[in-house]
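Encoded as C-alpha cells, the structure appears first; notes follow it.
The values are calculated or read from the model by the stated rules, or taken from the named source; none is laboratory data. Since this is a predicted model, take the numbers as computed values, not measurements. Reconstructed Cβ throughout: ideal geometry from the backbone, glycine too, with neighbour counts over all protein chains shown.
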Amino acid sequence: MLDHLNFQNIICIDIETVPAWPNFESVPEDLKELYLKKSERLKTPDESVDEQYFNHAGIYAEFGKVICISLGIFKKEKATGELFFRVKSIYGDDEKRVLLEFCELLHQYYYRPHHYQFCGHNIREFDVPYLCRRMLINGIPLPALLDISGKKPYEVNMLDTIQLWRFGDYKHFTSLKLLAAIFGIQSPKDDIDGKDVGAVYWVQKDLLRIVSYCQKDVVTVAQLIMKFKGLPLLENSNIYVTVPEATNNK
C-alpha cells in the first residue's frame, strides 16, 4: 500500500482549536442566536446554554479559533537511507499571528502544491477546511498548498489516514486512538483528549500541554503511514520533537 509515496513529499499536520470566547456571555450579541442554531444538533438534553457553547464551539470555524498547528516532516539519511521524523509547532493565543507564521512557512519551503501534500487524520473534513475558513476570516490569503477551491476531488493533493482506512466505505469512521491501538502504536491520548482541550486552554490556561498533545497526534499519523506502507515503526531515537516553550504570542 502507498508504494508510490515519497516520504519526503508529505507534511504531517494536526491542529488544535478552542472556543473563540471563554464563555457564552462573551460571544458578540449578533452571533449568540446564530451559534445556538448551528450547534443545536450537538446539544444534549442536560446541557445549559453556556455548556452548549463551551463544549462545541471549538469545532466550528465561525465560533472557534486555532491555537496550535503542529507539523511533521520525514527526512532520509542519504548515506544509509534511514528515515527520521521531525516535529515542530506554531502556537499562541493570537490566532492571526499563528496563521501568518504558518503561511510564511508554506510560502518559504512548500510553495509547489503539486510536489507536496498534507497528511493527517480527518484533515479533509476538519483541519484543512478549518484553517482555510479561519484564514479568510482573518483576512489572510490562502497559500498555494491550501487553495483547493474549484478543484475536483481527485485534484486535491492530500493524504488522509481516515480516508485510507475507509477503503471507499464512506459510512465508516475510525478514531486516531483506535487505529493507534490496533497497530500497536503508543496512544496519542495518554494525557488529554479532544473534548478536554477547551477546558485546558480557557480554565487551566495550559497552552503548552495542548501543544504537546497536538504533537503526539502528528507522530501517531507518521507511524500509521509507516504501517500502511508495511514498514516497521520509527524508533523513538529517530523522532525529533521540538519541545514547546512559553510564548509571548498574545
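Six or more apart or on different chains, Cβ under 8 Å: which pairs go from a residue in region 227-239 that's farther than 11 Å from I185 by Cα to one that's part of a helix (DSSP H, G or I) and among the small types (G, A, S)? Could you list them? Matching pairs, first to second residue: I239/A222.
Restricting L99, L34 to residues that are exposed (fewer than 14 other Cβ atoms within 10 Å of the Cβ), at pLDDT 95 or above, in a helix (DSSP H, G or I) and not aromatic (F, W, Y) narrows the list to L34.
Checked against (1) surrounded by fewer than 19 Cβ atoms within 10 Å (Cβ to Cβ); (2) assigned to a helix (DSSP H, G or I), Q186 meets all criteria but (2). Residues in region 80-96 that are in contact (Cβ under 8 Å) with a residue 40 or more places away in the chain and not in a strand (DSSP E or B): E82, G92, D93, D94, E95, K96. Within region 13-34, being under 16 Å from K65 (Cβ atoms) and more than 23 Å from the chain's Cα centre (by Cα) holds for N23, F24, S26, V27, P28, L31. Scanning region 179-235 for residues that are within 26 Å of R166 (Cβ to Cβ) and under 17 Å from the mean Cα position of the chain (by Cα) yields a count of 22. Let me confirm something: among I192, I137, which residue is more than 25 Å from N9 (Cα to Cα) and touching a Phe, Trp or Tyr at 6+ places or on another chain (Cβ under 6 Å)? Answer to the selection: I192. Quick check, is G72 assigned to a helix (DSSP H, G or I), in contact (Cβ under 8 Å) with a residue 40 or more places away in the chain and touching a helix residue (DSSP H, G or I) at 6+ places or on another chain (Cβ under 9 Å)? Against the criterion (assigned to a helix (DSSP H, G or I), in contact (Cβ under 8 Å) with a residue 40 or more places away in the chain and touching a helix residue (DSSP H, G or I) at 6+ places or on another chain (Cβ under 9 Å)), G72 does not qualify.
When region 108-145 is limited to residues that are surrounded by fewer than 20 Cβ atoms within 10 Å (Cβ to Cβ) and among the aromatic types (F, W, Y), the one that is nearest to D160 (Cα to Cα) turns out to be F126. Report yes if L179 is crowded, with 21+ Cβ neighbours inside 10 Å, part of a helix (DSSP H, G or I) and in contact with a Phe, Trp or Tyr (Cβ under 7 Å, 6 or more places away or on another chain), otherwise no. Criteria met by L179. Just one of the numbered conditions (1) over 30 Å from G81 (Cβ atoms); (2) in a helix (DSSP H, G or I) is not true of D191: (2). Condition test on F54, is it surrounded by 20 or more Cβ atoms within 10 Å (Cβ to Cβ), among the aromatic types (F, W, Y), part of a strand (DSSP E or B) and out of contact with any His (no Cβ under 6 Å at 6 or more places or on another chain)? Spelling it out, it is not the case that F54 is surrounded by 20 or more Cβ atoms within 10 Å (Cβ to Cβ), among the aromatic types (F, W, Y), part of a strand (DSSP E or B) and out of contact with any His (no Cβ under 6 Å at 6 or more places or on another chain).
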